[in-house]
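As structure tokens, the structure follows; a few thoughts come after it.
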Amino acid sequence: MHQPVHSLSLPECKLRELQTSEFNYCKDLDASMPYLDQLMKPPVTKTALEVYNEECQQGCVRTFVEPLDNVLGGGIPLGEVTEFCGEPGSGKTQICFQLCISVQLPTWCGGLNGEAVYIGTNCDFASHRVKEIAKRIMDRYVLFEAKHSFGNIGLNEINVELIMERISYINVSDYTQMLLIVTYLKDWLHDHPTVKLIVIDSICAPLKPLDGSQRTTIAYQLLQDLQKLAKEHNFAIIVTNNITTRFTCSSSYLAPSLGDNYYHRLNNRIYLCKKSSNVFKAVLLKSLFNSQTEIEFSLIS
Amino acid sequence: MSRLNPQMHPLLNSPVLEALLAKNIYTVLNFIETEIKHIVAITNLQYKEVLGIRKHLINKYAAVTRDGVSYYNEIITKSALFSTGIKRLDSILQGGFLTGNIYEICGLPASGKTQLNLTLVRNVAQNSILNVYYIDTKNDFSGRKLKAVLDASKTDEEHVKQIMSQILVKKVDTVHDLINTLYEIKNLLYTKTIKLRLIIIDSLPPLFYSISDFSKRYGLITTMVNVMHVLAKEFHTAIVVTNVLTTSYENTSTEDISGKIGLGKYWYNVPNTRLTIKKFENSSECSIIIAKSNRLLEGAQCNVKITDAGII
Amino acid sequence: MNSQIESGLELVMRLTQRPNLENINPILIPKGPYPNEFVEIVGAPGTGKTTVLMDFIVRTLLPLNLLGKNCGTVLIDTDHKFDMLRLITMLECELKKLNVAKSCIHSAIMKCLKNLTVLNCYDNEQLQMSFYNLEQILIENSDIGLIAVDCIPAYYWQYRNLSDNHISVYGYTKQMLQCLEQCVRNNNIVVAYTRNAEADVKEIKLGETIHRILLKKEAGSFNAFVNDKLVPYTLGKTISWL
């Protein structure tokens, strides 16, 4: 019972070449392929204890919304895909803005001192809005710093301009661009090792023109590639999604779009809805850590 | 098929192999399919010598012949029926997981599959000193979650550490990684480096969505299934695989929106037992039903509860 | 004048008397199966093909005085639905039906198992090489009268990917059957095999006679079709023909 060649991650042309010359099993290859060892190498095995220790040391992006952070076990986990879904106006974009800023705060006050990348697909990135939120956060930050008076840390460390500079904004108009961005990010991230957050707002908009199975395949591929980068460079991935109507034979109900197979790929799903002008409700629908919990909170406005 | 090489038989030296290659006889199967007299003509070997090579190759590459009695004894001594740790599930499984079988757990999203997997891996590691493999394809395994489950069930710290060291976690991204992993486990079991009864793969569909060519997809599923069968039957392990059920909302027929099982037609018939898990609305209770099985009673059902300490 | 030259080996094979499998299941196979014939069990997944095959095997393993054929069987298992423990249960049920004393059942089952040879295959190469190995197995054991293969097209997708062959399931199944036929011809044995296919699948024609048993599940009940005759059955621990 030998491992066949077609189980290796080889390009089609190479596979065909090997198979036409009747090299069907990996054991037949040996010297003819110098990188065979690499291709046959499985991922590293870790014990659950090692995984646990690593997770404890891994950070998370705090939202600075206490009930939300508590229910998430500290904040948005790094290396995972978290989705915010909700109807238009439910606060998804706003919370993304807030996270792009909070990730930049210095570590002593709970931030990660990192950069953020915002990939916008429906022109929702309103820089003036981000600036406003940044100003409010800065005001609070100044108060916080004064209260706790860390002597040698000055105001110059962080300010609104710096915050805006450390958010990289990319506008994509269709799904091919979205896929290209990920390829582009592979190299870009090597030059920007402090990126701690990548936001895609929204993931469903550019996939609208496609049909069901294509949407799943592309969303999957996108998240798969991004999550690989996320584990390598240690950043969090946030995506936003809309709500759509689904029909059963007797009734209709609301559900996040893109379907069940895509849902399977997410690590966390948080449903947002707006209750009043600044009060939001969040329901943790899927999480590695906790079962369904509902909380209410207000955002910095 | 296996390519002919000099290590296979002392008479298969370079000039003989070259002569065979020149006549398009590359593999063992090509050699066996060709009549002996043709081989004699091509290679100038004796009839008896070719017959000897043929016999040797068939012996080496055919399946192992086992007589009924010794096969039965082997199964009795080496198989294990081990408890899942969940009493009600054990009762519908007639004792628990039986090695040599592939079990599938499928359910709609958020029906409790990952919770069930964590409970199983915790229970099996707790009740023995053997390792358990947890192969995670979508980065869903959380050490913190496992620890929380162990802490909630009031296990003492030393024991928690030991259980967590027994569980081997592999994070795989692609189906190639998974197949490499399964072959690695096969080698480890063959060299008796580890002792294993349970392998959990959570879950299969994410690995195949990026492969759009269905012929390639099914070919890879077959390869994966073949090595799973080897692990299950020859090395006496039980393999538990998670699959998705998706609601087909594009199909507005009068039938119930019952789930459509992922991975396609070929996989549908592979598992020995298929368990469907369904969560009751607004409750922490789930039902587990045997949807299909070779040996267990189909339709048998049990209700379990999701708690902080796992599924009971 | 037609003269055939056969080797000494072929002569021995042809003349070897093997156990007779006639009337092994008169409901499904009214006439036969005679030596060198094939029995095909075809049906969609879940219709009980492996169970029907196991039922045949139980009949061949049981001794003559217990309505069996006392015949050696070689089982080639490719999709691993065959469960040894289930076979034991089926044997037990049969022995209980025939009023064999409880204390004797275990030794009777062991005696039956002596007649069984199991070959577990895990890929296409192993399967084909196992067919070629049958020649040796048959020479060494003249008590074997049945070769059971479950199921023939199991490695279709692997074969298709291995050499990029553009072959259909039908083509592959036919190819494997022809290889098997080649390996066991003139040996006076019966070959029973299962084939996973939908009901309206094309029939395969070989040199020998094939007894075709089509299994169907319709509206919760199982039916077997043999020569346009309908035989209902139920699946449980064993199979009961109604």
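The values are calculated or read from the model by the stated rules, or taken from the named source; none is laboratory data. Nothing here was measured: the structure is a model prediction, and the numbers come from that model. No Cβ is skipped: glycine too gets one built from the backbone with ideal geometry, and neighbour counts run over all protein chains shown. Surface areas here come from the heavy atoms of the whole protein model, side chains and all, with no ligands, DNA or RNA. Shrake-Rupley method; radii C 1.70, N 1.55, O 1.52, S 1.80 Å.
Observations on the model:
- Each Lys and Arg contributes +1 and each Asp and Glu -1, all at the Cβ; summed about the Cα centre of region B:72-311, the dipole is approximately 380 debye.
- Among the residues of C:151-161, the average count of other protein chain beta-carbon atoms within 10 Å of the residue beta-carbon is 6.
- For chain C, pairs of C-alpha atoms spaced more than 22 angstrom apart make up 54 percent of the total.
- For the pair A and C, total buried accessible area rounded to nearest 100 Å², probe 1.4 Å: 800
- Using θ = phi - 60° in the Karplus curve 6.51 cos²θ - 1.76 cosθ + 1.60, the 3J(HN,Hα) couplings for region A:77-88 round to x, 7, x, 10, 9, 10, 10, 9, 10, x, 6, x Hz; x is entered for Gly and Pro.
- Averaged over the residues of A:252-264, the number of partner chain Cβ atoms lying within 10 Å of the residue Cβ comes to 4.
- Rel. contact order, % - alpha carbon contacts under 8 angstrom, at least six apart, chain B: 22
- Between C:Glu37 and C:Val191, the built amide H atoms are under 5 Å apart, and every one of these is 5 or more places off in sequence or on another chain.
- Minimum 50 Å² accessible area buried by the other protein chains, region B:46-78 residues, probe 1.4 Å, relative to alone: B:Ile58, B:Tyr61, B:Ala63, B:Thr65, B:Arg66, B:Gly68, B:Val69, B:Tyr71, B:Tyr72
- Mean accessible surface per residue for region B:6-61, computed with a 1.4 Å probe while every protein chain stays in place, in Å²: 58
- Mean accessible surface per residue for chain A, computed with a 1.4 Å probe while every protein chain stays in place, in Å²: 44
- Compactness index (Cα Rg / 2.2 N^0.38 Å), region C:1-123: 1.24
- Nonlocal Lys pairs with alpha-carbon distance under 23 Å, region C:174-242 (8 or more apart, or different chains): 12
- Residue of A:Glu66, A:Glu55, A:Glu12 that the Gaussian network model of chain A assigns the largest fluctuation, springs spanning Cα pairs under 10 Å: A:Glu12
- Label point distance in nm, A:Asp211-C:Asn65, each placed 7 Å from Cα along Cα→Cβ: 6.8
- Volume per residue of the C-alpha convex hull in region B:183-312, rounded to whole Å³: 162
- Measuring spread by the Cα atoms of region C:65-113 yields a radius of gyration and Dmax of 11.9, 35 Å.
- Estimated purely from DSSP H runs of n ≥ 4, each contributing -39500 (n - 2.57), the mean residue ellipticity at 222 nm for chain C is -11500 deg cm²/dmol once divided by its residues.
- Set of aspartates and glutamates near B:Lys154 by C-alpha distance (under 16 Å), chain-local residues within fewer than 8 positions excluded: B:Asp308
- Our coupling estimate for region A:127-142, obtained by passing each phi through the Karplus curve with A = 6.51, B = -1.76, C = 1.60 and θ = phi - 60°, is 5, 5, 5, 4, 4, 4, 4, 4, 4, 4, 5, 4, 4, 5, 4, 4 Hz, Gly and Pro reported as x.
- Normalised by 2.2 N^0.38 Å, where N is the number of residues, the C-alpha radius of gyration of the protein assembly as shown stands at 1.09.
- Candidate lysines - alpha carbon under 24 Å from B:Lys147, same-chain residues fewer than 8 apart omitted: A:Lys46, A:Lys231, A:Lys286, B:Lys87, B:Lys113, B:Lys138, B:Lys161, B:Lys170, B:Lys171, B:Lys195, B:Lys279, B:Lys305
- log₁₀ of I(q)/I(0) at q = 0.23 Å⁻¹ - region A:1-72, Debye sum with one point per alpha carbon: -1.02
- Summed buried accessible area for B+C [probe radius 1.4 Å, Å², rounded to 100]: 3800
- Spin-label model, B:Asn24/A:Cys273: points 7 Å from Cα along the beta carbon direction are separated by 6.8 nm.
- Pairwise centroid distance, computed over Cα atoms, of region C:148-162 with region A:77-123, Å: 50
- By definition, a body whose alpha carbon gyration tensor gives a ≥ b ≥ c is oblate when a/c is 1.5 or more and a/b is not larger than b/c, and region A:158-301 fits this oblate description.
- Helical runs (DSSP H, four residues minimum) scored at -39500 (n - 2.57) apiece and divided by the length of chain B put the mean residue ellipticity at 222 nm at -12000 deg cm²/dmol.
- Region C:105-122 and region B:43-76: distance between their alpha carbon centers, rounded to Å: 20
- Over region B:72-311, accessible surface divided per residue gives 37 Å², non-protein components excluded, 1.4 Å probe.
- Label positions at A:Gln38 and B:Ala41, each projected 7 Å from the Cα along the C-beta direction, are separated by 4.7 nm.
- Dipole of chain A, positive end: most advanced residue of A:Ala255, A:Leu162, A:Ile200 [Cβ charges, Cα centre]: A:Ala255
- Amide H contacts under 5 Å for B:Val240, placed H, 5+ residues apart: B:Tyr103, B:Ile199, B:Ile200, B:Ile201
- Phi angles across region B:146-162 convert, under the Karplus curve 6.51 cos²θ - 1.76 cosθ + 1.60 with θ = phi - 60°, into 3J(HN,Hα) values of 4, 5, 4, 5, 5, 5, 5, 8, 6, 8, 6, 3, 4, 5, 4, 4, 5 Hz, Gly and Pro given as x.
- The mean sequence distance of close C-alpha pairs (under 8 Å, at least 6 residues apart), as a share of the length of region A:63-297, puts its relative contact order at 31 percent.
- Amide H contacts under 5 Å for A:Tyr118: A:Ser168, A:Tyr169, A:Ile170, A:Val199, restricted to partners 5 or more places along the chain or on a different chain, H placed in the peptide plane at 1.01 Å from N.
- The protein assembly as shown, accessible surface, carbon-and-sulfur percent (1.4 angstrom probe): 51
- Chain A: most fluctuating residue of A:His233, A:His148, A:His128 per GNM, C-alpha cutoff 10 Å: A:His148
- Annotation for the B:A interface, with buried accessible surface near 5300 Å², both sides summed [1.4 Å probe; non-protein components not counted].
- Distance between region A:217-289 and region B:90-157 - C-alpha centres, whole angstrom: 25
- Listed residues C:Ile144, C:Ile109, C:Ile189, most fluctuating in chain C (Gaussian network, C-alpha, under 10 Å): C:Ile109
- 222 nm mean residue ellipticity, helices alone, for chain A (DSSP H n ≥ 4; -39,500 (n - 2.57); rounded to 500): -11500 deg cm²/dmol
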